[in-house]
1. If I stretch the segment between ALA68 and SER48 completely, what's the gain in nm (0.36 nm per residue apart, minus their alpha carbon distance), one decimal?
2. Using Cα positions and a limit of under 16 Å, work out the aspartates and glutamates in reach of LYS140, with same-chain residues fewer than 8 apart set aside.
3. Report the label-to-label distance for SER114 and ARG57 in nanometres (one decimal), using points 7 Å from each Cα along the Cα→Cβ vector.
4. Evaluate the charge dipole of the stretch 31-142 about its Cα centre and quote only its size in Debye, nearest 20, assuming +1 on the Cβ of each Lys and Arg and -1 on the Cβ of each Asp and Glu.
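Please treat every number below as a calculation from the coordinates, not as lab data. Here the structure is a predicted model, which means the values were calculated and not measured. Every residue, glycine among them, receives a Cβ derived from its backbone with ideal geometry; neighbour counts consider all protein chains shown.
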Amino acid sequence: MRIQLNAAVWLLLASICLGMPAQPAKAADGDQYLGAWSGTWAGADGSSGRFQLNLERGGDGKLTGSIAVSQDGGGGSDYTAKLKNAAFAADKFTAAYEPPDGQSEIHMKGTFGSKGGDGEWSLGAKDQPSSTAVASGTWKIAKP
């Protein structure tokens, strides 16, 4: 009797488990865009340069990364900064970072695709995203 009861319980559990459809793990927004990207930027004032954007998912699950920026023509303005407030909502990207002056913040927003993306940037006062932009421009990015 006990063997028949154990077999019936196992048969019931197996039929329940096999009857449930398996749900694939859902990727977080933007996971398809993680990795290294190379880009160019242009300022409304005629300035221009290049940048390297590295996007990764932190241990806490939040989007993080860094950006290395250089200006055409040199001038000693090359720097690397850690991204803060980086996020994707589907293919829409937003991020902010602080250039080395410690007094300002650059905000990026744009759209990514599988091979590249583009958007706008603005430079304003640190931690005041609604402040008037001191400088602004566009950016384009592609997978190297």
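1. 5.8 nm is the gain from fully extending ALA68 to SER48.
2. ASP72, ASP91, ASP118, GLU120
3. Between SER114 and ARG57, the label points sit 1.9 nm apart.
4. The dipole of the stretch 31-142 has a size of about 240 debye.
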